[in-house]
Amino acid sequence: MNTDKQDSSEKIYIEPPLAPKRTRWQEFRRHFVKNKLAILGLIIFILFFFCAVAGLILTSGSNPLFDPAMVRLQEKLRPPLAKPNLVSLKPAEVPTLGIYLMGTDDLGRDVFSRMLQGAWVSLTVGFVAVGISVLIGIFMGGIAGYFGQHHIRIDHILLTLALIFGTGLMIAKFAFIGTLILLLCLAYIFYSRQTRDRSEEQEMSALKMILHGNAFSVDTLIMRIVDIMLCFPSFFLILTVVALLPASIYNIMIVIGLTSWMGTTRFVRAEFLSLREQDFVAAAKALGINNFRIIFRHIMPNAIAPVLVSATIGIASAILTEAGLSFLGFGVPPPHATWGNILSNGKNFIFDAPWLTFIPGIAILIVVLSFNLFGEGIRDILNPKLKGRS
Amino acid sequence: MINKKALLCVENLKVYFQSNGARARAVDGVSFEVREKETVCIVGESGCGKTVSALSVLGLIPSPPGEIVDGKIIFSGQNLINLDEKAMQKIRGNHISMVFQEPLTSLNPVFTVGDQIGETVRTHKKIETQALYRYCIQLLKDVGIPSPEQRISDYPHQLSGGQRQRVMIAMALACDPDLIIADEPTTALDVTVQAQILDLLRSIQKKRSMSILYISHDLGVVSVIADRIYVMYAGIIVEQGNTTQIFRDARHPYTQGLLASLPSLSKRGKRLNSIPGSVPNPAYKPEGCPFHPRCPHAISSCRKEFPKMCDWRQGHLARCPVLFESNGHKGSS
């Protein structure tokens, strides 16, 4: 009997052979190749990426190959593919390509160079703004989805309000009252930490009952903040903020990022609500893995697919928002070219020099469209319900 | 019988769930113990509180609806109920680990098998990547997965059900725990694979000398693996004893009913027995003995008095004074 058991422990059971192996990536690629529009989107995106990187390298520095700021007043409003007038130009002023590939603007600046410079702005604005919004969205959505059922106590809310109020007063030159309020808050925190361990033995007084009551859940708090943010017409919010802040490309990225995280939060929360109840989360807990690791390493990869899709489409809308801001004159300050302000300059000459509006306009259209096509292509592939359609 | 040291000792555990104003008494005063190097089974129908008892040992009761109202869970000298979350995380996986029922959903679909096994080790110990890789392969070999060098980079969906359950067991074993809680680990598998997994658990237990708390509703499985058995019904333990005592000499009418409803060759062609009625709603349990509405031996006092544990012999206890007294013993508790 004994030897029999030992034999069985040494034995290796041979399981039935598996179906031909196909990794997730291979599966993804197989579906992706079938989706012609997504491929087109990806190709345009890659081209755009290389243009933007090349644009950054070729148009920056002290003596760039394509100088977007070179003013040639005698050569203004030349149409695309026009040859420069070699007689009136100094050798350094002749465009590198030998022709004005996309014409010149009202100051005789080469539009091709300016488009190259603007491409990098669009790319970075798109990616950084969406990066910020996805990070905030994932964090808020993850917290709301995973810790959603936890309640916030009334005393915590009052404490937070008092802290904000006190700090506000201190900044607004009511230093004495502000300090007093902050000190009271600290005293309360200290007091509640001291009494926490003993709280079970004591009879709760009525005031304490109210203070320790549950106000609302974390989920309610975060999702109502999202609702409030969604209520603002975000473009006008951005306009207001940009009008108050000094105009710079970084401010624009941050502002666009801070006003567009709500969609991601909703996505992530919805995914988390279902994933939280899955067995593998319980298994991870049973193996002693802490909450934040479970949220960000175990659940997040499962929830990331819809986020990536919305991020791809978000990049397109961020590029569009930046172009809109630049068009209205709130964007990147003028000497630096962006697609939006080339368009904005061009609108004064729309009948004399239509290329000044058409070229950046069509560039924006193509890039935004390519991102949208690519994003929707990924969504179709990642969503098993849509597989095999189209 | 050698008296071994108790590793896990649960005393009078009460776990209640709050739902729609009613109070569901899922676990209502359960006591059991698991000794070193022993396999203990908790048997019972669905909804009798087996899983809840197991989860509360690990402190995994979902806290807004559920609450441990009373009781002690002593694990190698410390009461796990008093521990905070941080300390519990050190116990989970490291000293007590769990194998779940559904190997299909208990593995994270986006990680490779090696990642998931390594995750447990990395959480509790400091280990280099190379050493971790070798350790994971060794673990996969230990749980009988063929060609572990290739399987280690597979995703869960590429494995069969049996292999997934082996991976789950490997994960549970990763930190050499003292106790493994196996919550119906073979329920989702077919019978041949089930036998393999049970064999595996037994051989691992022997090699690593650890204890297993095995939760099941399947008496067939239990008879193979258990040293001692606790039979649960409606949140209480109705009978406890070693395997022979329970299977040869069941003393509680519920256990007798369960055994009678097992199919066997001698009953070929006859209808299977069944216990009439169903498990009471944990929020509205009958007064007195919770089994009395379904019990063939019920007398009027069963309706009022909560039955005591009656000692038959040598650790064989049953919560039914009626049968006990009719057999000429004197009640004791």
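Bear in mind that the values in this text are calculations on the coordinates, not laboratory data. The structure displayed is predicted, hence computed values, not measured ones. With ideal geometry, Cβ positions are generated from the backbone for all residues, glycine too; neighbour counts draw on all protein chains shown.
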Problem - Cβ-placed point charges (K, R +1; D, E -1), dipole of the stretch B:105-176 about Cα centre in debye, nearest 20 - result: 60 debye
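For the stretch A:32-158, what is the charge dipole size about the Cα centre, in debye to the nearest 20, if Lys and Arg each add +1 at the Cβ and Asp and Glu each add -1 at the Cβ?
Dipole about the Cα centre, nearest 20: 320 debye.
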Handout entry: Reciprocal of mean inverse Cα separation for the stretch B:105-176 (Kirkwood radius, Å)
Key = 11.8 Å
Handout entry: Acute angle (nearest 10 degrees) that the helix A:36-59 long axis makes with the longest principal axis of chain A, alpha-carbon atoms
Key = 70 degrees
Handout entry: Low-density loop positions, trypsin sites (Lys or Arg not before Pro), the stretch A:80-174 - DSSP coil, at most 11 other Cβ in 10 Å
Key = A:173
Handout entry: Gaussian network model of chain A, springs between alpha carbon atoms under 10 Å - residue of A:267, A:292, A:147 with greatest fluctuation
Key = A:292
Handout entry: Filter on B:14/B:125; B:206/B:270; A:285/B:304; B:90/B:285; B:126/B:207; A:208/B:308 - keep pairs with C-alpha separation over 32 Å
Key = B:14/B:125; B:206/B:270; A:285/B:304; B:90/B:285; A:208/B:308
